[in-house]
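**Q** Below you will find the structure I want to go over with you.
The values are calculated or read from the model by the stated rules, or taken from the named source; none is laboratory data. Remember, predicted model here, so these are calculated numbers, not experimental data. Here the Cβ positions follow ideal geometry from the backbone for every residue, glycine too, while neighbour counts run over all protein chains shown.
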Amino acid sequence: MIQPIITTPRLILRHWKDEDTEPFIKMNMDEEVMRFFPAMQSADETIALIARVQKHFEDYGYGPYAVERIDTGQFIGFTGFFHPRFESYFTPCIEIGWRLSKDAWNLGFATEAAKACLGYGFEKLGLKEIYSFTSTTNQPSINVMVKAGLKRVGEFEHPLVPEGHELKTHVLFKLVNEG
């Protein structure tokens, strides 16, 4: 059995299991789930992403944790930490991000997982500051950032999003460990 890394009243954040692959592929091929990304991800791209996630855990000891509902045992996506793979005025940095399946939306799971992750990052991992960013049009994720306590610190043009794309401009949020 995979041991939980972080638990909340309704969620387990844990390492990834092989059984997470198929539902994650479905999520990444869902137009609604991926509407704030430049493109959906194919099965092969999703499998490559999972491999990068595993490598991130090997390299840093943390990463994007698989999120599982306690009541159903269902894998519903991920929440956790990344080192962005692009250069900008605020990188290198540690980013918190999330992606949940549609059936997990509007239930407070993203905020619950993000708050728990932020606490874990500061208290257990000793992180000094954590960033988060999304396109200026992604109001659901912006709402999670605000509810999780992150503060808006600016905007930037995401270097991996094509010029002229509607998702090019991103908002940048940050939370500093005051402890």
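**Q** Determine whether the range 59-76 contains at least one residue that is in a loop (DSSP other than H, G, I, E, B), in contact with a Gly (Cβ under 8 Å, 6 or more places away or on another chain) and in contact (Cβ under 8 Å) with a residue 60 or more places away in the chain.
**A** Quick first cut of the range 59-76, residues in a loop (DSSP other than H, G, I, E, B) only: 61-63, 70-74.
Now restrict to residues that are in contact with a Gly (Cβ under 8 Å, 6 or more places away or on another chain): 62-63.
Retained after the next criterion (residues that are in contact (Cβ under 8 Å) with a residue 60 or more places away in the chain): 62.
So far as the range 59-76 goes, yes, one or more of its residues are in a loop (DSSP other than H, G, I, E, B), in contact with a Gly (Cβ under 8 Å, 6 or more places away or on another chain) and in contact (Cβ under 8 Å) with a residue 60 or more places away in the chain.
**Q** Consider T136 against the criteria (1) among the hydroxyl-bearing types (S, T, Y); (2) buried (at least 18 other Cβ atoms within 10 Å of the Cβ); (3) in contact with a His (Cβ under 7 Å, 6 or more places away or on another chain): it satisfies all of them except one. Which criterion is unmet?
**A** Tallying (1) among the hydroxyl-bearing types (S, T, Y); (2) buried (at least 18 other Cβ atoms within 10 Å of the Cβ); (3) in contact with a His (Cβ under 7 Å, 6 or more places away or on another chain), T136 fails exactly one: (2).
**Q** Here is a follow-up. Restricting the search to the range 113-138, which residues are part of a helix (DSSP H, G or I) and among the aliphatic types (A, V, I, L, M)? Even if it seems obvious, please write down each step before you answer.
**A** Kept after step one, since they are part of a helix (DSSP H, G or I), are these residues of the range 113-138: 113-123.
Scanning the range 113-138 gives A113, A114, A116, L118.
**Q** Then there is this: Of the residues that sit in the range 63-87 and are surrounded by fewer than 16 Cβ atoms within 10 Å (Cβ to Cβ) and of a type in the set (S, T, N, Q), which one is farthest from I25 (Cα to Cα)? Can you show your working first?
**A** Applying the first criterion (surrounded by fewer than 16 Cβ atoms within 10 Å (Cβ to Cβ)) to the range 63-87 yields 70-74, 83, 85-87.
Then drop every residue that is not of a type in the set (S, T, N, Q), which leaves 72, 74.
Numbers: T72: 20, Q74: 15 Å.
Checking each candidate, the answer is T72.
**Q** Could you tell me whether the range 33-41 includes any residue that is more than 16 Å from the chain's Cα centre (by Cα), under 24 Å from H170 (Cβ atoms), surrounded by fewer than 14 Cβ atoms within 10 Å (Cβ to Cβ) and modelled with pLDDT under 95?
**A** Checked against the condition, which is being more than 16 Å from the chain's Cα centre (by Cα), under 24 Å from H170 (Cβ atoms), surrounded by fewer than 14 Cβ atoms within 10 Å (Cβ to Cβ) and modelled with pLDDT under 95, the range 33-41 yields at least one hit.
**Q** Among the residues of the range 139-166, how many are closer than 20 Å to L118 by Cα and buried (at least 18 other Cβ atoms within 10 Å of the Cβ)?
**A** Residues that pass the stated criteria total 6.
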